[in-house]
Amino acid sequence: MVPVEVPVELPAIQPTPGRPFGLYVHVPFCITRCGYCDFNTYTPAELGGVNPDAWLTALRTELERAAARLGGPTVDTVFVGGGTPSLLGGTRLATLLDMVRDHFTLAPGAEITTEANPESTWPEFFQEIREAGYTRVSLGMQSVVPRLLGVLDRVHTPNRSAAAAREALDLGFEHVSLDLIYGTPGESDEDLLRSVDTAVETGVDHVSAYALVVEEGTAMARRVRSGELEPPDDDVLAHRYELIDARLSAAGMAWYEVSNWARPGGECRHNLGYWDRGQWWGAGPGAHSHVGNVRWWNVKHPNTYGSRLGDGGLPVAGYEQLDADALHTEEVLLQIRLRQGLPVARLSGAERERAEQVVADGLLESVGDHLVLSDRGRLLADAVVRTVLG
């Protein structure tokens, strides 16, 4: 049954001048649901007749209304995520980008990214999206160890992710990223390093590594609760993070955000926009947006999404208007995760005093007029934020 979501009218929004502007497009389709995933995704059995072409039609309408509402800002980055965008195939992804160009002006040198599942990519796919104008591909590797992929309910074969990365590089993509998950139940240090080394050996210029989080409501949470799987251990996760950082640093990849490493020039500009006071419109079912001081989110189910747009409105499920305190909290929370750190000038007097104590504790370092997480501080970034904000 599709949940009933009451229409919400979006208040007036105005992009803040001088800040990067991005478009995020959420593709809600997946072949299967991974056991750890709580994203807004739907398998064919859950869609109730919605198909990619109907979704594209609805998306075109949202992009048209977004452009009219925003007054046509120049777009610096486009990120197609999901879900599994590569299930759309190269032709539909090219159509999607044409729809963006129909309604928005792309900045010269705009970064245009799509996520992809290795099993739904092939050389012709990469060639087609490269010719369409995509500049970056982010591939979900997670692990190269078969038994760990089984625990995660991943459907790709262990060697396919590395092969897909090489195909994308061979077909002209300068920027290719591989995503890893660490802390999967049953993982050893050797398992982790095997995956990290495989990612490095492909020649990609970007690696993201995320600690496994067991989200309530997922199949993995039920397995942990029943005792079938051990929950991730914080000390083990910290150790694994240090292993990842050491291996990637030795390979010439520097951390630029707590969970992201890149070769020079390989940083994901779209994600930097999230972390560094950028603005974006999120299009698609369940997508989140942040423009000016307004943050909002779309209805989740693709059926409701299409119906709302068909009725002449925007598919907004809710919004909040952020006051100065909320915006400041977000700024500290996000910018402190970046390698460039947080400008001291952004902090109040009391916050500076608390930050000085965190520096004395060795979790922050003063670098010029910025505060930067130390190596140990990266392991405790959330605690650092809580302390500084008081």
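The values are calculated or read from the model by the stated rules, or taken from the named source; none is laboratory data. Every value quoted in this text rests on a predicted model; they were computed, and no experiment measured them. Cβ placement follows ideal geometry from the backbone for every residue including glycine, while neighbour counts extend to all protein chains displayed. Just the protein is used for accessible areas: all its heavy atoms, side chains included, with ligands, DNA and RNA removed. Shrake-Rupley method; radii C 1.70, N 1.55, O 1.52, S 1.80 Å.
Yes or no, residue by residue, for (1) of a type in the set (Lys, Arg); (2) farther than 13 Å from residue 130 by Cα; (3) open to solvent by 10 Å² or more (accessible area, probe 1.4 Å):
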site	(1), (2), (3)
72	no, yes, yes
79	no, yes, yes
91	no, no, yes
94	no, no, yes
97	no, no, no
102	no, yes, yes
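Which of the following residues is at pLDDT below 95, surrounded by fewer than 21 Cβ atoms within 10 Å (Cβ to Cβ) and in a helix (DSSP H, G or I): 222, 194, 247, 166?
222
Applying the selection to the range 358-388, what residues are charged (D, E, K, R) and more than 20 Å from residue 242 (Cα to Cα)? Across the range 358-388, the qualifying residues are 369, 386. Summed over the range 199-218, the residues that are within 21 Å of residue 267 (Cα to Cα) and either under 19 Å from the mean Cα position of the chain (by Cα) or open to solvent by 30 Å² or more (accessible area, probe 1.4 Å) (or both) give a count of 12.
Selection of the range 143-158 for residues being outside any helix (DSSP H, G or I) and farther than 15 Å from residue 193 by Cα yields 153, 154, 155, 156, 157.
Of everything listed in (1) among the polar types (S, T, N, Q); (2) part of a helix (DSSP H, G or I); (3) within 20 Å of residue 278 (Cβ to Cβ), the single unmet condition for residue 387 is (3). Scanning the range 250-281 for residues that are part of a strand (DSSP E or B) and surrounded by 16 or more Cβ atoms within 10 Å (Cβ to Cβ) yields 255, 256, 257, 260, 261, 262, 279, 280, 281.
In the range 336-349, is there at least one residue being under 23 Å from residue 234 (Cα atoms), assigned to a helix (DSSP H, G or I) and open to solvent by less than 40 Å² (accessible area, probe 1.4 Å)? No, that holds for no residue. All of 334, 309 fail the test of being farther than 20 Å from residue 104 by Cβ and touching a residue at least 40 places away in the same chain (Cβ under 8 Å), apart from 334. Of all residues in the range 169-191, those that are at pLDDT 95 or above, surrounded by 15 or more Cβ atoms within 10 Å (Cβ to Cβ) and of a type in the set (D, E, K, R) total 2. May I ask you to verify whether residue 284 is within 30 Å of residue 17 (Cα to Cα), at pLDDT 95 or above and surrounded by 21 or more Cβ atoms within 10 Å (Cβ to Cβ)? In short, yes. For the range 309-326, the condition holds for at least one residue, the condition being that it is in contact with a helix residue (DSSP H, G or I) (Cβ under 9 Å, 6 or more places away or on another chain), in a helix (DSSP H, G or I), open to solvent by 50 Å² or more (accessible area, probe 1.4 Å) and small (Gly, Ala, Ser).
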